[in-house]
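The values are calculated or read from the model by the stated rules, or taken from the named source; none is laboratory data. Values in this document were obtained by computation on a predicted structure and should not be read as measured data. Because the Cβ atoms are built from the backbone with ideal geometry, glycine has one as well, and the counts that use them run over all protein chains shown. Calculation scope for accessible area: heavy atoms of the full protein, side chains included, ligands and nucleic acids excluded. Shrake-Rupley method; radii C 1.70, N 1.55, O 1.52, S 1.80 Å.
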Amino acid sequence: SCLGALEVGINPELRGPLLDHVLADAAPRLCVIRRDQPALVPAGVAAVLTDDDPAGGAVAARLDRWPAPSDAACVLYTSGTTGQPKGVMLSHCNLVSNTVNAFDSAASNQHPGQIALSVLPFAHIFEHTNALGYLYNRLIHYVTTPERLLEDIKVIRPNFVAFVPRIFERVIAG
């Protein structure tokens, strides 16, 4: 928020009225999106199109000040399985507290150099927290998709992978 901007991750599987609701609720002024998905940018909103995954690129910016612990860090939306998706604003303090408490190296048994594999979208709070925990413990962090999960597990041989039931359902369904 020191930049006057917040990251609002959107689940890439969100479509139709649920996606329309999230975009209307978030009211973005700028979208960073893959070049092959320009139709997802709302009318009248500036877009930065990239050939790479927007989450994987580095964006350089000059901060006027360091963020305070209570400053908003990001907005995450619920999946909408029980109604309209709801945006939850998380502060820097929230993110640090979740990460430190969930990923203490003694309790998590995670150590620098071990390998983690992510399969959930980073717009999912569980994966968002996991990714921060992997960084906190200096793990080597790979990202995959449900379609490539089984192949990547064989190749990467991760020490840590976090799942939700929907991932198991997709793997079983083929």
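General observations
- Of all residue pairs spaced 6 or more apart or on separate chains, those with beta-carbon atoms under 8 Å, a first member in the range 119-135 that is without any contact (Cβ under 8 Å) to a residue 24 or more places away in the chain and a second member that is in a loop (DSSP other than H, G, I, E, B) and open to solvent by 10 Å² or more (accessible area, probe 1.4 Å) are 131/122.
- Residue in the range 118-134 that is farther than 20 Å from residue 8 by Cα, buried (at least 17 other Cβ atoms within 10 Å of the Cβ) and in contact with a Pro (Cβ under 8 Å, 6 or more places away or on another chain) present: no
- If you go through the range 101-139 and keep only what is more than 18 Å from the chain's Cα centre (by Cα), of a type in the set (A, V, I, L, M, F, W, C) and part of a helix (DSSP H, G or I), you end up with 106, 107.
- Residue match in the range 55-78 (condition: open to solvent by 70 Å² or more (accessible area, probe 1.4 Å), among the hydroxyl-bearing types (Ser, Thr, Tyr), at pLDDT 75 or above and in contact with a Cys (Cβ under 9 Å, 6 or more places away or on another chain)): yes
- Pairs linking a residue in the range 140-162 that is on the phi > 0 side of the Ramachandran plot to a residue that is at pLDDT below 90 and surrounded by fewer than 18 Cβ atoms within 10 Å (Cβ to Cβ), with Cβ atoms under 6 Å and 6 or more positions apart or on different chains, do not occur.
- Number of the exception - residue 83 against (1) modelled with pLDDT of 75 or more; (2) surrounded by 13 or more Cβ atoms within 10 Å (Cβ to Cβ); (3) at positive phi; (4) among the small types (Gly, Ala, Ser): (2)
- Residue 96 passes every criterion in (1) within 28 Å of residue 18 (Cα to Cα); (2) among the β-branched types (Val, Ile, Thr); (3) under 17 Å from the mean Cα position of the chain (by Cα) apart from (1).
- Test: residue in the range 144-159 that is at pLDDT below 85, open to solvent by 30 Å² or more (accessible area, probe 1.4 Å) and touching a strand residue (DSSP E or B) at 6+ places or on another chain (Cβ under 6 Å): no
- Scanning the range 91-108 for residues that are touching a helix residue (DSSP H, G or I) at 6+ places or on another chain (Cβ under 8 Å) and either touching a residue at least 60 places away in the same chain (Cβ under 8 Å) or buried (at least 16 other Cβ atoms within 10 Å of the Cβ) (or both) returns 95, 98, 99, 103.
- Here is the figure for the range 7-54: residues that are open to solvent by less than 90 Å² (accessible area, probe 1.4 Å), of a type in the set (A, V, I, L, M) and free of Cβ contacts under 8 Å to residues at least 40 places away in the same chain total 13.
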